[in-house]
1. So how many residues does the stretch 12-49 have that are under 12 Å from V87 (Cβ atoms) and touching a Cys at 6+ places or on another chain (Cβ under 9 Å)?
2. Find the strands (runs of 3 or more DSSP E) located wholly in the stretch 1-83 whose residues include 3 or more that are surrounded by 16 or more Cβ atoms within 10 Å (Cβ to Cβ), among the basic types (K, R) and at pLDDT 90 or above, and list them.
3. Please name all residue pairs, on different chains or six or more residues apart, with Cβ atoms under 7 Å, provided the first residue is in the stretch 33-60 and is within 21 Å of A12 (Cβ to Cβ) and of a type in the set (S, T, N, Q) and the second residue is part of a loop (DSSP other than H, G, I, E, B) and modelled with pLDDT under 90.
4. Between a first residue in the stretch 71-84 that is over 17 Å from Q34 (Cβ atoms) and a second residue that is surrounded by fewer than 10 Cβ atoms within 10 Å (Cβ to Cβ) and modelled with pLDDT of 70 or more, which pairs have beta carbons less than 7 Å apart while being 6 or more apart in sequence or on different chains?
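The values are calculated or read from the model by the stated rules, or taken from the named source; none is laboratory data. On a predicted model such as this, the values are computed, not experimentally measured, just so you know. Positions of Cβ are generated from backbone atoms using ideal geometry, with glycine treated the same way; all protein chains shown enter the neighbour counts.
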Amino acid sequence: MTEELMVVYEFAMGRYSGYAPDLPGCVSTGENHQEVRHNMREALETHVSLLVEQGEEISISATHTVHFPMPVEQTDVQHWIVERLEVEVPISKPRSKASTT
C-alpha cells in the first residue's frame, strides 16, 4: 500500500537534509534535492516497516501544513522545500494479546 507523508527539506551549507514531521527521528541527507528525496523515501519506508514490525501505532499523513516562523537570529538555512512524498507502507500487523497487557 502507498501513503503520502509530509517531508521538509532544508538546504544549508551546500547540502540538503530532510525530515518527516509525522515520524520524529526519521531524517536523511543528500548532496542535492534528488539525492535527499531518494534517501528520505528509503528512510521513511524502513522506519515505518520497523514500527509495523514492532506492532507500534503509526500516524500516517497527519501533518497538512508546516509553519516557518520568522527567524529571530541568523540561520544557515538558505531555503526549504516542503512536499508530500509517496512511500510504500506495509499493512499493520494486529497486536498480539501479550503485547497489549
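1. The total comes to 7.
2. none
3. Qualifying pairs under 7 Å: none.
4. As it stands, the answer is D76/M13, since those pairs meet every condition given.
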